[in-house]
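Just below is one structure, and these are the notes that go with it.
The values are calculated or read from the model by the stated rules, or taken from the named source; none is laboratory data. Quick caveat: nothing in here was measured; it's all calculated off a predicted structure. FYI the Cβ positions are ideal-geometry reconstructions off the backbone, even for glycines, and counts take in every protein chain you see. The protein model used for the area step is the full one, side chains on, heavy atoms only, and it has no ligands, DNA or RNA in it. Shrake-Rupley method; radii C 1.70, N 1.55, O 1.52, S 1.80 Å.
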Amino acid sequence: MDEANMRSLWREAALECLNEACRRQYPLTEKLFACPNCGDLLSIAYEPTGEEPDAVRARWRERRLSDDPLDQSGVWRFRECLPPIAPSHVVTLREGNTPIYRARFAAQYAGVHDLLFKHLGLNPTGSFKDYGMTVAVSQARALGARILICASTGNTSASMAAYAARGGMRAIVLIPGEDVAVGKVAQALEYGAVTLQVRGANFDDVLRLVRELSARPDVYLLNSLNPFRIEGQKAILIELLDQLGWEVPEHLVVPGGNLGNSAALFKAMAELRQLGLIARWPKLTIVQAQGASPLVEAVARGAKRIRPVAQPRTHATAIRIGHPVNWKRALQALDATGGFCVAVSEEEIAEAKAAIGRDGIGCEPASAATLAAVKKLRQEGKLAPSETIVALLTGHLLKDPDYTLRYHSGQLDDVPTGRLANPPILVEPCLDTIVRYLYNGKLSA
Ligand code: F0G
């Protein structure tokens with residue numbers, strides 16, 4: 001891949017402050033995670049060139065047949081929509097390329113005719129984070145950064161650790177002292193990251209620490225404050241639409257933690273509309289766990305600001321976040337697209353997760369909040385059964401095996417044993433006993 005092949009649909013790109021009263025711009029080559037003028041978040045702003053949408057779509061399709069690593073990535077295949085980064089700096093694990101599954105059991109469970117899951121958990125490190133990490137780590141390399149740092153409930157750290165290792169950079173991850181899913185910690189260790197479990201701290205505390213550390217000139221921050229993470233995660237929507245033949249679904253349902261993914265999906269929608277690649281918004285529905293739902297609470301109050309939750313609580317540890325940094329863009333997304341903002345209980349998440357398992361799909365707890373929300377919206381009459389719904393499953397089932405075992409064994413605190421619980425059964429080494437399990441308690445069919 002030569003540099004000339006880094007085509008763009010944009011004439012120019014710059015870092016731009018999200019604060020409407022400021023809107024200062026900075027070159028992409030500056031290492032910035034907040035506006036030096038007003039302190040608000042930065043985003044990447046582009047000027048479109050006006051290339052024909054059909055030609056762009058066709059080029060993206062053709063690249064599926066290519067052996068070039070950039071074309072094989074479900075992020076860099078859509079590089080026309082990304083910031084310009086020289087191919088020699090790109091760090092890729094061939095992320096993306098995640099499947100869409102039609103789920104029959106889950107659709108019936110939620111009371112809808114049809115339900116599609118796009119399983120972002122089937123990425124190289126098992127979560128959607130890889131979509132954003134490939135772009136932000138490539139930018140880190142282009143800037144000559146040597147130390148990569150993040151705060152994480154587990155998936156960001158697993159992903160950053162892998163991409164840092166691929167790119168030959170040092171990775172330092174800070175995670176809460178307790179309740180990070182075991183699969184995620186194991187990944188960070190295996191990929192060689194320095195893994196700091198911060199005693200007594202939750203995600204919001206840890207994020208405050210890494211934001212301070214990122215002021216050091218040699219340290220590069222990889223949380224979703226980093227605008228290049230958001231750019232990569234736009235590819236989730238682009239890839240989804242490419243897979244659906246550019247038929248825009250009525251609803252897109254996503255779990256919300258730090259709300260980076262909600263911000264990225266909304267940015268992608270806005271840009272695809274601007275480029276003439278789609279004509280209308282899908283409604284973006286954002287789902288939080290009841291014990292960590294500052295966005296839902298703000299929407300319910302009709303407020304323009306969130307009130308942070310000091311002690312967020314949920315077994316879905318990926319989204320145990322009380323002070324999400326991307327809340328402003330999430331509110332805009334709900335407003336612009338007409339999506340819902342939903343809180344679901346621990347019991348609803350746990351049961352929905354088991355239902356997704358029954359389709360042979362499976363996911364981690366935070367991802368299952370999406371199905372719980374679809375079921376709830378349907379029960380409340382806010383969704384018609386025939387509407388087209390795509391729910392994003394953000395993490396792999398094996399990220400959090402403890403949760404799954406506890407659910408099926410009836411040992412998940414505050415969650416009664418559900419009808420989908422399927423505990424392991426201890427048996428004697430006796431054929432007759434075992435045969436009964438083949439035939440539902442009898443000795444033959
Ligand atoms: N689902 C999973 C599996 C996650 O790991 C996360 C966030 C979310 C949903 C929420 O996404 O923050 O973009 O709203 N995990 C982060 C982490 C916070 O550190 O791994 P968001």
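Considering only segment 23-42, how many residues are among the polar types (S, T, N, Q), closer than 23 Å to Gly144 by Cβ and in a loop (DSSP other than H, G, I, E, B)?
Matching residues across segment 23-42 total 1.
Identify, from the list Leu237, Leu241, the residue that is of a type outside the set (Phe, Trp, Tyr) and within 16 Å of the ligand (Cβ to nearest atom).
Leu237
Limited to segment 377-417, what total is found for residues that are more than 14 Å from the ligand (Cβ to nearest atom), under 21 Å from Gly291 (Cβ atoms) and assigned to a loop (DSSP other than H, G, I, E, B)?
9
If you check Ser367, Ser345, which single one turns out to be open to solvent by less than 10 Å² (accessible area, probe 1.4 Å) and in contact (Cβ under 8 Å) with a residue 24 or more places away in the chain? Quick ask: steps written out before the conclusion?
Details: Ser345 fails: open to solvent by less than 10 Å² (accessible area, probe 1.4 Å).
Checking each option against the conditions leaves just Ser367.
Restricting the search to segment 71-124, which residues are under 30 Å from Tyr26 (Cβ atoms) and among the charged types (D, E, K, R)? Spell out how you get there, then give the answer.
Applying the first criterion (under 30 Å from Tyr26 (Cβ atoms)) to segment 71-124 yields 73-93, 95-96.
Listed by number, the residues that qualify are Arg77, Arg79, Glu80, Glu95.
Within the bounds of segment 286-298, is there any residue that is assigned to a helix (DSSP H, G or I), over 30 Å from Ala55 (Cβ atoms), touching a Ser or Thr at 6+ places or on another chain (Cβ under 9 Å) and away from the ligand (no atom under 13 Å from the Cβ)?
yes
Within the bounds of segment 209-220, is there any residue that is of a type outside the set (Val, Ile, Thr), buried (at least 18 other Cβ atoms within 10 Å of the Cβ), within 21 Å of the chain's Cα centre (by Cα) and away from the ligand (no atom under 14 Å from the Cβ)?
Scanning segment 209-220, I find at least one residue that is of a type outside the set (Val, Ile, Thr), buried (at least 18 other Cβ atoms within 10 Å of the Cβ), within 21 Å of the chain's Cα centre (by Cα) and away from the ligand (no atom under 14 Å from the Cβ), so the answer is yes.
Inside segment 88-170, counting only strands (runs of 3 or more DSSP E) that do not spill past its ends, which hold 2 or more residues that are open to solvent by 10 Å² or more (accessible area, probe 1.4 Å) and over 17 Å from Leu225 (Cα atoms)?
100-102
Could you tell me whether segment 229-236 includes any residue that is open to solvent by 50 Å² or more (accessible area, probe 1.4 Å) and at pLDDT 95 or above?
No, because not a single residue in segment 229-236 is open to solvent by 50 Å² or more (accessible area, probe 1.4 Å) and at pLDDT 95 or above.
Give me the residue from segment 347-371 that is touching a Phe, Trp or Tyr at 6+ places or on another chain (Cβ under 6 Å) and assigned to a helix (DSSP H, G or I) and, out of that set, nearest to Leu397 (Cα to Cα).
Looking at residues that are touching a Phe, Trp or Tyr at 6+ places or on another chain (Cβ under 6 Å) and assigned to a helix (DSSP H, G or I), I get Pro365.
Just the residues that are open to solvent by 20 Å² or more (accessible area, probe 1.4 Å), within 22 Å of Gly168 (Cβ to Cβ) and either touching a strand residue (DSSP E or B) at 6+ places or on another chain (Cβ under 6 Å) or not in a loop (DSSP other than H, G, I, E, B) (or both), please, taken from segment 58-86.
Hits for segment 58-86 are Pro69, Gln72.
Checking Val435 against (1) farther than 30 Å from Ala264 by Cβ; (2) under 22 Å from the mean Cα position of the chain (by Cα): exactly one of these is not met. Which one?
(2)
Suppose we keep only residues that are open to solvent by less than 40 Å² (accessible area, probe 1.4 Å) and more than 16 Å from the ligand (Cβ to nearest atom) within segment 247-269. Which one would you say is nearest to Ile306 (Cα to Cα)?
My answer is His251.
Looking at segment 44-56, can you tell me whether even one residue there is buried (at least 22 other Cβ atoms within 10 Å of the Cβ) and touching a Pro at 6+ places or on another chain (Cβ under 9 Å)?
no
From the set of residues in segment 300-326 that are touching a strand residue (DSSP E or B) at 6+ places or on another chain (Cβ under 9 Å) and more than 15 Å from the ligand (Cβ to nearest atom), which is most open to solvent (accessible area, probe 1.4 Å)?
Here the answer is Arg313.
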